[in-house]
1. Give me D for the stretch 87-149 in µm² s⁻¹, whole number, from Stokes-Einstein with Rh from the Kirkwood sum over alpha-carbon pairs, 10 °C and 1.306 mPa s.
2. Would you mind calculating the gained length between K67 and I381 on full extension (0.36 nm times residue separation, minus the Cα-Cα distance), in nm to one decimal?
3. Testing the spin-label approximation: label points 7 Å from Cα along Cα→Cβ at D168 and S390. State their distance in nm.
4. Which residues' amide hydrogens lie under 5 Å from the amide hydrogen of K547, considering only partners 5 or more residues apart or on another chain, with H built in the peptide plane?
5. Would you kindly find the accessible area of K393, with a 1.4 Å probe and non-protein molecules such as ligands, DNA and RNA excluded, rounding to the nearest 10 Å²?
6. Given +1 on the Cβ of Lys and Arg, -1 on the Cβ of Asp and Glu, and no further charges, what dipole in debye does the chain carry about its Cα centre, rounded to the nearest 20?
7. Mind checking the full-extension length gain between N134 and D272? Use 0.36 nm per residue of separation minus the Cα-Cα distance, one decimal, nm.
8. Towards the positive end of the charge dipole of the chain, with charges on Cβ (+1 Lys, Arg; -1 Asp, Glu), say which of T65, F204, G598 has the farthest Cα.
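The values are calculated or read from the model by the stated rules, or taken from the named source; none is laboratory data. Values in this document were obtained by computation on a predicted structure and should not be read as measured data. Here Cβ is always computed from backbone atoms with ideal geometry, including for glycine, and neighbour counts include all displayed protein chains. For the accessible areas, the whole protein counts, side chains as well, though only heavy atoms, and no ligand, DNA or RNA atoms are used. Shrake-Rupley method; radii C 1.70, N 1.55, O 1.52, S 1.80 Å.
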Amino acid sequence: MKYSNLNYLKNLNENQRKSVINLDGPCLIVAGAGSGKTRVLTTRFAHIIKERKAWPNQILCVTFTNKAAREMQVRVSKLLYKQATAIPWLGTFHSISAKILRKHAAAVNLNSNFTIIDRDDQLRLIKNICKAENINTKKLSPQFIIVRIDKWKNKGLYPKNVITKKKDIWEREILNIYKIYQEKILAFNACDFGDLILHCVSIFENEQDILDIYSNNFKYILVDEYQDTNFIQSKWLNLLAKLHNNICCVGDDDQSIYSWRGAEIKNFLNFDQLYKNSKKIKLEQNYRSTQNILSAASELISKNQGRVGKNLWTKGEEGEFVKLNCYKNGKDEAINISDIIEKKLKKKFSYNNTAILVRAIFQTREFEERFLKIGIGYRIIGGTKFYERSEIKDSVAYLRIIFQKKDDLAFERIVNTPKRSVGDTTMKQISEYARKHGLCLEDASLKMIETNKIKPKAKIGLLRILALMTKWRKDLSTKKHVEVMQIILDESGYSEMLKNKKDIESEGRLENIKELLRGLREFENLESFLEHVALATSIDEDWKGEKINLMTMHAAKGLEFDVVFLPGWEEGLFPHQKSLEEKGDAALEEERRLAYVGITRAKKQAYISFSMNRFYQGEWIENLVSRFVEELPKENIEQNLATENLVDDFEFNQDISFEEEIRSPGWLRLQKKLNEKK
């Protein structure tokens, strides 16, 4: 086949074709959701080779995941037939950096056979450093320290370059750990994932001859998901592209939702400032969704100021309107969504092609409960089922041991959670004593304390928890099980442990525990709740048949489904209040991008919903509908508010009186809308 044969361009639309054939100079391809960006990137790669602009080993192609790299490898090989069986410089930022670093390790005082340590290795090393430095890991979590060190590395900062805030004691503490950590991994002839790119940039900046080797070799650079790059990745690309200046970045600024991972949208927005005389091509034709879905998403995202701007369209059908539903509370929302799935959608769409996308992971509980009750299979993507989350299992274990003192598995789980100096050695002794004398672990502990068979430190911890368990059982005879659960969480120190931990996951765990308290209210007594949990967790993980997909909107990026449900569009939940408090307008725009991502996952039908009340963080919240609902275009939305039925239902709400409901701001807002509609 001659290189001038351009048959592979025939299936591209006009802007896709422009993106492929304009090879020279910097180019930013603004690829809207479902616009075929991977096809463009792989075809551009093949076109460079077929036009004899470069050999495969002279093209650097960077992706974010190994899966994406493998997919591109396959697609390029198919386009080139047998011309490129292997593409040496196609991979992730980290894999390509590791390859470069192996050849030039001496420049950063490493040997070429250096070890790349994983997160578990990092955690173990940080724990050892904390122990040696007498740092309380209950207050300053090793996981949090790793995240902070990663952030510094993403900013291109070695320990000597970090400037801490004078008033931030924790940051100064972590910087000291960072210094020791870097010294140790260097002594081990090792580096972590952050070092791979950081060391490469250091080499490129300080060793011009090494930079020349790669910048000379890479005649063309292709970058996927450019909106997700952080500072150090952008700098890495910029250094390598300086000579030939043939860099093509593909991405969608409207899908930049990972700032919490270090992604900087300004890399995308300032592309033309970083690369002078650059071209910008927009891919706006969508091959995934109906026009009503695209129009709703486009109008919503147009409210953002920090964006390149584009308008998605399709040659396909207009499709059904985006459905907007209002429910009285979260439980009602889950029931009605499951009814829609069973009664309206089941015959038309596979469960496997149906997804429920939530803003916060705690929202999955009510859907899980509902699906378990009516026998619909479901899967949690990118997360763990509610009753299998560690903080929920811990909390339930406390309830189990209070309900039944012979539950040794529950005793083992909670006796040293939080830490009470009852270590593995002590537990082994108690277990052996219990087995020898035919006792449960709780009774064995008491007997061993009476006979002074427990070491003093462990004895204090055991006496404390045993006394509390006795008290909690008395509480259970006079108080409601929900109240007892709250008492247990407070008096055991479990809630305080999570609140005091400098840990990125602690806030989510606290939200899950508060959602557990909400769930407890739905059961008459502790026995019925524990039976429910046991049955829920015994469901076969590989439940045969089709399953509904449950996940966060963050986890859904890159996926697509025939039908998408987007529940919980309420102020405070979405957009998320904590994000707004921490980052203000920047957070609001990212939350709106998240809404855009959620809507554009839908191919055929999209359902958005909100509830008038939601039990959130331990109390009933009277909701205001999300500002994002207000921003949706009315001409693409079908509002199914069912007013008369809603009023009737409120009168029978056992959790909140009808009078309280109608005084809520959310209800007043709804009433105003309905009156206007009349």
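1. Numbers: Rh = 14.0 Å.
Translational D for this selection: 113 µm²/s.
2. Numbers: separation 314, 0.36 × 314 = 113.04 nm, distance 1.65 nm.
Answer, rounded to one decimal: 111.4 nm.
3. 2.5
4. N352
5. The accessible area comes out at roughly 90 Å².
6. Details: 111 positive and 93 negative charges, 473 e Å.
Roughly 2280 debye, rounded to the nearest 20.
7. On the way: separation 138, 0.36 × 138 = 49.68 nm, distance 4.93 nm.
Stretched out fully, the N134 to D272 stretch lengthens by 44.8 nm.
8. Result: F204, furthest along the dipole toward the positive end.
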